[in-house]
1. Whole-Hz ³J(HN,Hα) for each residue in region 93-98, computed from phi via Karplus 6.51 cos²θ - 1.76 cosθ + 1.60 with θ = phi - 60°, x for glycine and proline: what do you get?
2. Can you give the accessible area of E66, probe radius 1.4 Å, in Å² rounded to 10?
3. Give the long-range amide H neighbours of V122: residues separated by 5 or more places, or on another chain, with amide H under 5 Å away, using H modelled in the peptide plane at 1.01 Å from N.
4. Is the shape of region 81-178 best called rounded, prolate or oblate, per the rule: a/c under 1.5 gives rounded, else a/b larger than b/c gives prolate, else oblate, with a ≥ b ≥ c the square roots of the Cα gyration tensor eigenvalues?
5. Mind listing the phi-derived Karplus ³J(HN,Hα) values for region 121-129, rounded to whole Hz, using 6.51, -1.76 and 1.60 with θ = phi - 60°, and x for any glycine or proline?
6. In sequence order, what are the phi-derived ³J(HN,Hα) couplings for region 139-151 according to the Karplus relation 6.51 cos²θ - 1.76 cosθ + 1.60 with θ = phi - 60°, rounded to whole Hz, with x for glycine and proline?
7. Sort 143-149, 116-122, 129-135 by the packing proxy (mean of other Cβ within 10 Å over each peptide's residues), most packed first.
8. According to the square roots a ≥ b ≥ c of the eigenvalues of the Cα gyration tensor, what is the shape class of region 105-161, taking rounded for a/c under 1.5, prolate for a/b larger than b/c otherwise, and oblate for the remainder?
Amino acid sequence: LATWSSGTLATATIIPGTGVTGGLATTVGVGTTLITATSGGKSGNTNFTVRADTVAPVVTMTYPVEGGTVGSSVTVTGRVEGNPVSTVVNVNGTSLPPAVLDGSGNFSVGVILPAGNSSIEVRATDGAGNTGSSGTLNVVVNPNKPTVIITSPGDQFLTSSRTVTVNGTVTGATTVSL
C-alpha cells in the first residue's frame with residue numbers, strides 16, 4: 001500500500017495491482033510544488049514547477065471593416081498571435097468550423113451572409129483556456145453590391161510609364177468609372 005501527497009495535503013491511496021483509489025489529483029498554485037510518495041515507510045519525492053498562462057491570444061480582423069457594406073459572400077481575414085489551439089469565426093452568434101492559421105498566424109475564412117445587418121467576431125483560445133476576441137464588428141450586406149475583379153496589373157505593380165492599362169471584370173453594375 002502506498003500513499004501519494006502534495007504540499008496542499010491532498011492524499012490518494014495506491015493499491016498495487018488495482019490502481020488508484022480516491023483519485024490521484026490535487027490542486028497546486030503557481031510556483032514550485034513538492035510531491036512526496038510513501039510506501040512501506042520509505043518516501044521519495046520530486047519537485048515540479050507550474051507556470052501560469054493568463055495571457056489570451058491577440059486577435060486582429062483586417063477584413064471586413066466596421067460599418068462596411070459587403071456582398072453576401074465575404075472572406076474574413078486577419079491574424080492571431082499567442083499560439084491558439086482553436087480559432088473560430090462567429091457570424092450572427094453562430095460559430096463556423098475552426099479557421100486554419102498559416103505559419104504566421106494569418107487566417108482567411110469564406111462566409112455567406114444574409115441580406116441586411118450582420119455581426120462578425122473572431123475568437124481564439126490557447127492551450128491554457130485563455131480566449132481572445134477581435135471584438136464584434138457589424139456590416140451591412142447588400143447582395144446586389146457590384147463585384148469588381150482586377151486581373152491586371154497585379155497588386156503593387158511598379159512601372160515607369162505614365163499610363164497603365166487596367167483589365168478586369170465587373171458584375172452587378174451598369175456603369176463603371178475608373
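The values are calculated or read from the model by the stated rules, or taken from the named source; none is laboratory data. Here the structure is a predicted model, which is why all the values come from computation and not from measurement. Because the Cβ atoms are built from the backbone with ideal geometry, glycine has one as well, and the counts that use them run over all protein chains shown. These area figures cover heavy atoms from the full protein model, side chains too; ligands, DNA and RNA do not enter into them. Shrake-Rupley method; radii C 1.70, N 1.55, O 1.52, S 1.80 Å.
1. Those phi angles translate into x, 10, 7, 8, x, x Hz.
2. 110
3. Distant-sequence amide H within range of V122: N90, S134, G135.
4. Numbers: a/c = 3.59, a/b = 1.63, b/c = 2.20.
Oblate shape, in that a/c is at least 1.5 and b/c is the bigger or equal ratio.
5. So the Karplus estimates, Gly and Pro as x, are 9, 10, 10, 10, 10, 8, x, 8, x Hz.
6. 10, 9, 9, 10, x, 9, 4, x, 10, 10, 10, 8, 9
7. Details: 143-149: 11.6, 116-122: 17.7, 129-135: 15.4.
So the peptides 143-149, 116-122, 129-135, ranked by packing, come out 116-122, 129-135, 143-149.
8. Values: a/c = 3.53, a/b = 1.45, b/c = 2.44.
Cα axes put region 105-161 in the oblate bin.
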